[in-house]
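Heads up: the structure comes next, in structure tokens.
The values are calculated or read from the model by the stated rules, or taken from the named source; none is laboratory data. Remember, it's a predicted structure, so these values are computed and weren't measured experimentally. Cβ placement follows ideal geometry from the backbone for every residue including glycine, while neighbour counts extend to all protein chains displayed.
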């Protein structure tokens, strides 16, 4: 855990230490061990951003997600030269507006947006390939593949995530608590990619809300990008946009034997256990308990990374 704190300010009008967020990230020393808070003034910052694996303990702190927006329009088939010059990948892996590879990253009161229009294909707003990352009161905006929780343990609280196809995907271990999931058009909320039964990865949605565009029965809760994909929805409200069958096998019947798609005490017009596919199921109390606690992503009592940040509110003027 970082022992001290450093503060860097960013403002589009030049009144901060830097005028772009990437300049502030670049100023963090290699091998950083000091919690570095990058305070981002209100504004729309149009630039792809990269937090490299050599720069840990960085925090992005905005005033509010509506007023602090990080946006770009890369897609899997069109990646801006800024990204290419940093050699961080191509295709879906490299097209994120923001790519985080530094561990112990935190963001609060920030919007991550991929502004590519509907029909552009994969267009990631944020990719996280790092352990122990947390997001509080953030927004993730896009269409297809909005939020790429690629690798590591992640915690999201009070966040808003929107999209259409596979818009929360990857193979991380993630707990999303009190989050708002919005289905903009037909598709799949999740595409978790656990590849074997030995992997402990998976997504848990705890006390979340799923909403739609007013139409009925057009979005699946998920499909297995990896054959052992694991997703749990617990105590979650599902509106009428959720299809009664709930889950999709990605066109492969063999996935029905390995995918782990569960629900627990969900409610709302989209929660319809009697009509769900037969290979997904409702958990019993004894099975559910492991997914209903923060230790799902913070299992080490000797070095807890999540507990000190629970409900964190970073005072902007401090």
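One table, with the values for the structure above:
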{"item": "Selection count where residues are surrounded by 18 or more Cβ atoms within 10 Å (Cβ to Cβ) and within 21 Å of residue 117 (Cβ to Cβ), scope the range 33-48", "result": "2"}
{"item": "Any hit, the range 83-103, residues being in contact (Cβ under 8 Å) with a residue 60 or more places away in the chain, out of contact with any strand residue (DSSP E or B) (no Cβ under 6 Å at 6 or more places or on another chain) and either farther than 30 Å from residue 185 by Cα or part of a helix (DSSP H, G or I) (or both)", "result": "no"}
{"item": "Options 126, 87; residue that is outside the structural domain of residue 50 (by TED's automatic domain parsing), under 17 Å from residue 47 (Cα atoms) and either at pLDDT below 95 or buried (at least 22 other Cβ atoms within 10 Å of the Cβ) (or both)", "result": "126"}
{"item": "Output for the range 253-271, where each listed residue is part of a loop (DSSP other than H, G, I, E, B) and under 24 Å from residue 226 (Cα atoms)", "result": "258, 259"}
{"item": "Residue identified as in contact with a helix residue (DSSP H, G or I) (Cβ under 7 Å, 6 or more places away or on another chain), touching a residue at least 12 places away in the same chain (Cβ under 8 Å) and either surrounded by fewer than 24 Cβ atoms within 10 Å (Cβ to Cβ) or within 26 Å of residue 183 (Cα to Cα) (or both) among 74, 137", "result": "74"}
